[in-house]
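The values are calculated or read from the model by the stated rules, or taken from the named source; none is laboratory data. Here the structure is a predicted model, which is why all the values come from computation and not from measurement. Don't worry about glycine lacking a Cβ; one is built from the backbone with ideal geometry, like all the others, and counts go over all protein chains shown.
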């Protein structure tokens, strides 16, 4: 009896905003630049690379190359793609930050 194995494609599971944000956040938390790039590429493919290319002003081929396996996109490219995807990056401290004492100026 032959066993049929279908290739698993993450883009088929990135159907909701919640799934997309969770996927991107998990890649960002991991911190591996190649994983982040691949995750952004997966989301761009799920949303439609042609539309992302139009929204960013970058060529579709360039996006596939830079966001694909072995790609090394410039930070500016990632920022354009994040903007096209409606994703905002925010900086958060990785440790507890001391708050300065508030001074009353009365």
Practice task
May I ask you to verify whether residue 40 is under 23 Å from residue 15 (Cα atoms) and not in a helix (DSSP H, G or I)?
Solution key: no
Residue 58 vs (1) at pLDDT 95 or above; (2) more than 27 Å from residue 92 (Cα to Cα); (3) part of a helix (DSSP H, G or I): all pass except (3)
With criteria (1) free of Cβ contacts under 8 Å to residues at least 40 places away in the same chain; (2) under 19 Å from residue 15 (Cβ atoms); (3) not in a helix (DSSP H, G or I), residue 70 comes up short on (2)
Of the residues in region 13-50 that are farther than 26 Å from residue 94 by Cβ and either under 11 Å from the mean Cα position of the chain (by Cα) or touching a residue at least 12 places away in the same chain (Cβ under 8 Å) (or both), the one that is surrounded by the fewest Cβ atoms within 10 Å (Cβ to Cβ) is 15
